[in-house]
Amino acid sequence: MSIPHLSPPPASPATLALPRAAAKRRGWMDALPGMAANFAQIYFVPSARVGLLLFVLLALANLSAAITGLAASIAASCLAVALRLPHALLRNGRLGYNATLTGIAFGALWQPDATFVAWLAVCVCLTVIATATLSRYALPALTGPFVGVMALTWAMQPWLHWLPRAGALACDTGTPGFVFCSVGQVVFVAPLVLGLLTWYVLALWNPRATLWALVAGITVWSGLAALATLWPPMATQAGGIGINAFLAALGLGMFGHRPTVRFVGAFLACIICVALGTVFGPFGWPYFTLPFNLAVWAMLRATARPRPPISA
């Protein structure tokens with residue numbers, strides 16, 4: 001005869017609520033450093049301290065962009081907690097950096113009003129969901145969600161009626177300082193000195209990848225300076241080329257690729273910039289960081305190791 005085993009008593013609602021409450025508290029604890037790390041993750045740096053330094057530099061250059069970027073970062077982190085997205089991704093800024101970059105762009109490009117705030121909230125939700133979805137399938141989101149919502153926002157301008165802000169100073173291609181200026185322009189920081197400080201902060205986190213990205217940027221600048229005399233229209237695309245080439249070299253470096261791959265990615269981003277500028281330039285449509293995304297995705301696909309066949 002079998003010995004009967006007593007079944008454990010059913011858990012009470014109070015008992016079940018304890019793990020949920022603990023998980024929720026942990027989510028909010030991870031959200032706090034994530035709000036700062038969102039700024040750093042724009043440059044592939046998963047650090048709240050670096051994010052705070054970058055926020056300070058952004059505030060010195062463009063206070064309105066820093067405020068809207070911070071608001072977007074806070075909203076993105078709160079949404080990630082509400083959706084119970086992975087805490088590790090929330091803490092290192094990998095869920096909210098596209099939303100933060102969107103907020104920075106909004107504050108740098110347009111003057112706020114009621115529709116500005118409402119549409120920014122919609123864009124924050126879209127970028128967080130898109131970034132989380134891509135991360136779930138182990139696909140590098142890069143700044144693809146940011147480019148998507150910015151393209152949608154640009155298409156809706158005839159109905160939004162937003163007043164543009166005064167344009168930021170462009171980077172001067174006549175000096176090597178163009179390279180550091182391009183680093184800052186990723187987050188719409190125009191002054192050369194603040195761009196140099198931005199690069200220095202990044203170098204503190206990963207000196208090797210940042211130095212190679214700088215070398216790639218200098219090489220691109222040299223090519224731009226030479227081609228500008230032969231083809232003057234190239235000067236109009238110098239800003240976009242500098243930003244996207246630096247990001248491509250930095251991103252591929254953070255992914256652990258060799259310097260050769262980083263240089264190829266940077267030059268591929270330059271070619272894509274010229275192609276997109278030729279197509280969209282006459283219509284006044286900016287391509288933002290789309291060339292960087294396309295170049296890095298292409299290089300990651302080209303250098304991916306084939307999976308071994310599954311044995312029967």
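The values are calculated or read from the model by the stated rules, or taken from the named source; none is laboratory data. For clarity, every value in this text was computed on a predicted model and none was experimentally measured. Please note: Cβ atoms are built from the backbone with ideal geometry, for glycine as well, and neighbour counts cover all protein chains shown. Remember, those area values only see protein heavy atoms, side chains included, never the ligands or the DNA or RNA. Shrake-Rupley method; radii C 1.70, N 1.55, O 1.52, S 1.80 Å.
Here are the numbers for the structure shown:
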{"quantity": "Surface accessible to a 1.4 Å probe, His87 within the full protein complex, Å²", "calculated": "50"}
{"quantity": "Net length gained if the chain between Leu134 and Leu160 were fully extended (0.36 nm per residue, minus Cα distance)", "calculated": "6.5 nm"}
{"quantity": "Relative contact order %, the chain, counting alpha carbon pairs below 8 Å whose residues are six or more apart", "calculated": "14"}
{"quantity": "Mean Cβ count within 10 Å, highest first, over the residues of peptides 213-222, 64-73", "calculated": "64-73, 213-222"}
{"quantity": "Those chymotrypsin sites (Phe, Trp or Tyr not before Pro) in segment 49-155 that DSSP places in a loop and that have at most 16 other beta carbons within 10 Å", "calculated": "Tyr137"}
{"quantity": "Mean separation of Cα contacts under 8 Å, 6 or more apart, over the residue count of segment 98-243: relative contact order %", "calculated": "22"}
{"quantity": "For the chain, with +1 on Lys and Arg beta carbons and -1 on Asp and Glu, the positive-most of Pro191, Leu250, Val56 along the dipole", "calculated": "Leu250"}
{"quantity": "Estimated [θ] at 222 nm from DSSP helical runs (n ≥ 4, -39500 (n - 2.57)) normalised by residues in the chain, nearest 500", "calculated": "-23500 deg cm²/dmol"}
{"quantity": "For the chain, the fraction of alpha-carbon pairs in successive 10 Å shells from zero, as %", "calculated": "6, 25, 33, 20, 8, 4, 2, 1, 0, 0"}
{"quantity": "Cβ charges +1 (Lys, Arg) and -1 (Asp, Glu), total dipole of the chain, debye", "calculated": "1000"}
